[in-house]
Amino acid sequence: MTDAKPLTAEPGVLHVALVVPRQGPAGIFGPACELCARLAAEEVNAAGGVLGRELRLVTVDGGAPPAAVAAEVEALVSAGIVSGVTGWHISSVRQAVAPRVAGRVPYVYTALYEGGEDSAGVFLTSETPDGQLRPAMRLLAAERRVRRWYVVGNDYVWPRRTALAARRYARESGGRVCGESYLPLGTGDFAATLRRVIQREADAVLMLLVGSDAVRFNRAFAAAGLDARCLRLTTLMDENMLAASGPDATRGLWATAGFFEALATADTLDFHGRYAARFGLTAPAPSALGESCYEGVLLLAALVGRAGSLSVPAIEAAAGGVRYEGARGLLGLSGRHVRQRIYLAEADGADFAVTADLDAWSGAGP
């Protein structure tokens, strides 16, 4: 459901639909997504807004069924209430929303995803497997001698498409994917899957699970004693999920992303300071997933500002010259995707220790 206000278009206001999860497995990081997007909107407005208009967010529950989310977003666009869309939501939601708004309003998708999105007016701020997963698998193969990978994912497009790429990446490093399990969103029982991991003698599990599903898997994995013999690598894990898993369930857990709270760059430290000053020290950890929504609002504002228009063709024509500065540094677009550095980190209790910049591991070949 959208927020009670605004429900109608208002002069001098640019309304943007913020599609973030308020329920389901991804609901665990929905609050951080909302706060980070709000911080970005406030900063954009403090700098003069977008085309001289106040940017105001209209929150849509991206954790609802994809068809319902898409219908709500389309209704907001058709009624002229919103002039843009952004936010973190799973790929099945994006696939439902994009055809409804393509070419009508700019849509900045902030979740890491499987790659390949090319709908008109859709831009993407986060990681794809070639830049995120491939170098991480190469590094772990070289330095941790991982050869046998077992994929555990939720049963929808992002895990399945990512696993296709992972098979190729494993072969490049002299290994292979020795088994795969795909489970419905909301799964709580991983016993059969863990037995298959053991039977296949996996060196590492590639976790492609969303939110609370990943939390429950971490706990089950450690309870089965697998953390003493098998690594885990995930492209979707934040500090909130680590804290929910508990420190006893995160040994041998690795994550790869373009942002970690532990990154001590000037940009990340400045972002954390502004976030804490605005929302307090007890606010949810902004994390890579929440922070992506900060990036999404900034990119949307930059795209519209560069084009000087809300017209999708005008925005696409001007997109190549867009630059914006956020918590991940000064960023620009390569085609529809934001170019950024990717890091590998190892879980250390409820936090991550960043161990590598993966730029050196991103080349092709063994």
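The values are calculated or read from the model by the stated rules, or taken from the named source; none is laboratory data. Owing to the predicted nature of the structure, the values given are computational and were not obtained by experimental measurement. Neighbour counts are summed over all protein chains in view; Cβ atoms, including those assigned to glycine, are modelled from backbone coordinates with ideal geometry. Only protein heavy atoms, including side chains, enter the accessible area calculation; ligands, DNA and RNA are left aside. Shrake-Rupley method; radii C 1.70, N 1.55, O 1.52, S 1.80 Å.
Of note:
- Any chance ALA163 is of a type in the set (Gly, Ala, Ser) and without any contact (Cβ under 8 Å) to a residue 40 or more places away in the chain: no
- Yes/no for SER245 being among the hydroxyl-bearing types (Ser, Thr, Tyr) and either on the phi > 0 side of the Ramachandran plot or without any contact (Cβ under 8 Å) to a residue 12 or more places away in the chain (or both): no
- Unmet criterion (only one of (1) loosely packed, with under 15 Cβ neighbours inside 10 Å; (2) more than 22 Å from the chain's Cα centre (by Cα)) for GLY305: (1)
- Checking each residue in the range 104-113 for being assigned to a loop (DSSP other than H, G, I, E, B) and either small (Gly, Ala, Ser) or open to solvent by less than 20 Å² (accessible area, probe 1.4 Å) (or both) picks out VAL105, PRO106, THR110, ALA111, LEU112, TYR113.
Quick grid of which residues meet (1) buried (at least 17 other Cβ atoms within 10 Å of the Cβ); (2) not aromatic (Phe, Trp, Tyr); (3) not in a strand (DSSP E or B):
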| position | (1), (2), (3) |
| --- | --- |
| MET237 | yes, yes, yes |
| MET241 | yes, yes, yes |
| ALA244 | yes, yes, yes |
| ASP248 | no, yes, yes |
| TRP254 | yes, no, no |
| THR268 | yes, yes, yes |
| PHE271 | yes, no, yes |
| ALA277 | no, yes, yes |
| PRO284 | yes, yes, yes |
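- Scanning the range 1-32 for residues that are small (Gly, Ala, Ser), at pLDDT 95 or above and either more than 26 Å from THR282 (Cβ to Cβ) or in a strand (DSSP E or B) (or both) yields one hit, ALA17.
- Residue within the range 33-53 that is out of contact with any Lys or Arg (no Cβ under 7 Å at 6 or more places or on another chain), part of a strand (DSSP E or B) and surrounded by fewer than 20 Cβ atoms within 10 Å (Cβ to Cβ) present: yes
- If only residues of the range 121-179 that are touching a helix residue (DSSP H, G or I) at 6+ places or on another chain (Cβ under 6 Å) and among the basic types (Lys, Arg) are counted, the one that is surrounded by the fewest Cβ atoms within 10 Å (Cβ to Cβ) is ARG176.
- Number of positions in the range 152-174 that are over 19 Å from the mean Cα position of the chain (by Cα) and under 15 Å from LEU233 (Cα atoms): 3
- Residue count for the range 60-87 satisfying the condition of being open to solvent by 10 Å² or more (accessible area, probe 1.4 Å) and on the phi < 0 side of the Ramachandran plot: 17.
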